[in-house]
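The values are calculated or read from the model by the stated rules, or taken from the named source; none is laboratory data. Nothing here was measured: the structure is a model prediction, and the numbers come from that model. Note: ideal-geometry Cβ built from the backbone for every residue, glycine included; neighbour counts use all protein chains shown. Accessible surface is based on the protein model in full, side chains and every heavy atom, while ligands, DNA and RNA are left aside. Shrake-Rupley method; radii C 1.70, N 1.55, O 1.52, S 1.80 Å.
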Amino acid sequence: MPQSPDSSWLEAAWAQREEQIYPALFGALGPGIYPLDMALFSQVFGQHDVDPRWLTHGVFESPPNAGRSSWLYVTSGLSNAWEDARPDADGESGMGHELLLETREQSPWALRLLRNFCAYQLLLAAGRFGEQPPLGEWDRMRTGEPINGGDSLLQALLFIPAPGFAGPRQLLSGRFGFLQIIGLTLAEHAWGQSEGYPALMERLALAGAAPVLDPTRASPVSYTHLTLPTKRIV
């Protein structure tokens, strides 16, 4: 793992993110970080050979405040510049992003989901799934089950530049932004494939279905904005 003889800058950038940037953006970060652990890697992903640095990553659960009515979950660690020998303020810090999602209520499933995807990003970046790259802007996937583990119609995910927290943000070690996770029904996922996911996001936002996740929301047939004719995005 390349490091400079004096890697104090890495710790300083880490503190800058968690003690300055995050509180300024999100307010209180809750009782503390929920770190990744060996059980997550082994039980969810079947990975038993884990870089010990991965276990320093985690998720904060930020409660609503005067500026935001949602519960916000955000990773910390993906933007650590672990592989850099020295800080490069003009480049990307680490993976160049952190993940976040918002919910209407405090949601253990959301914390679990974001911890899983934090681990997944690390494994993708480490080449544990072949040549598949880490998730990026406008990537999407079907989950194969309701995102809350219950009976939600949301069974697909979309990763977008976080609309409420536009970046990039500057660290001593470089820049990073936020990828926000949006929950989709399978019908919405198919609509986005046909008409374009930016267009889908516009209609979900108009319908109040995004960017805040509500696993109890109805199918898109109840949202007239989704059924209106629209110009196809090429």
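Summary of computed values
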{"item": "Solvent exposure, largest accessible area first (probe 1.4 Å, DNA, RNA and ligands not counted), of Met141, Met38", "result": "Met38, Met141"}
{"item": "Those chymotrypsin sites (Phe, Trp or Tyr not before Pro) in segment 94-143 that DSSP places in a loop and that have at most 14 other beta carbons within 10 Å", "result": "Phe129"}
{"item": "Two-decimal ratio, segment 6-89, of alpha-carbon radius of gyration to 2.2 N^0.38 Å", "result": "1.25"}
{"item": "Exposure of Asp90 as accessible area (Å², to 10), given a probe of 1.4 Å and all protein chains", "result": "120 Å²"}
{"item": "Other-chain or far-sequence residues with amide H under 5 Å of Gly58's (modelled H)", "result": "Leu36, Ser76"}
{"item": "Heavy-atom accessible area per residue - the chain, 1.4 Å, Å²", "result": "47 Å²"}
{"item": "Amide proton proximity set for Leu184, modelled H, under 5 Å, gap of 5+", "result": "Gln155, Ala156, Leu157, Leu158"}
{"item": "Charge tally in the Cβ shell below 12 Å around Ile21, where Lys, Arg are +1 and Asp, Glu are -1, Ile21 excluded", "result": "0"}
{"item": "Carbon/sulfur fraction of accessible area - segment 75-156, other protein chains in place, 1.4 Å, %", "result": "43 percent"}
{"item": "Residue-by-residue Karplus 3J(HN,Hα) for segment 143-154, coefficients 6.51, -1.76, 1.60, Hz, glycine and proline x", "result": "8, x, 6, x, 5, 9, x, x, 10, 5, 7, 7"}
{"item": "Inter-part distance where segment 141-174 and segment 10-87 are each reduced to a Cα centre, Å", "result": "15 Å"}
{"item": "The chain: calculated mean residue ellipticity at 222 nm from DSSP helix runs of at least 4, using -39500 (n - 2.57)", "result": "-7000 deg cm²/dmol"}
{"item": "Overall dimensions of the chain by Cα: Rg and Dmax, Å", "result": "18.1, 60"}
{"item": "Assigned charges on the beta-carbon of Lys, Arg, Asp, Glu; the chain dipole about Cα centre (debye)", "result": "660 debye"}
{"item": "Folded to 0 to 90 degrees: helix 186-195 orientation relative to the chain principal axis, Cα", "result": "90 degrees"}
{"item": "Estimated vicinal HN-Hα couplings, Hz - segment 200-217 in sequence order (Karplus 6.51, -1.76, 1.60; Gly, Pro = x)", "result": "4, 4, 4, 6, 5, 5, 4, 7, x, 9, 7, x, 6, 7, 10, x, 8, 5"}
{"item": "Tilt relative to the chain, helix 108-125 - C-alpha long axis, 0 to 90 degrees, to 10", "result": "60 degrees"}
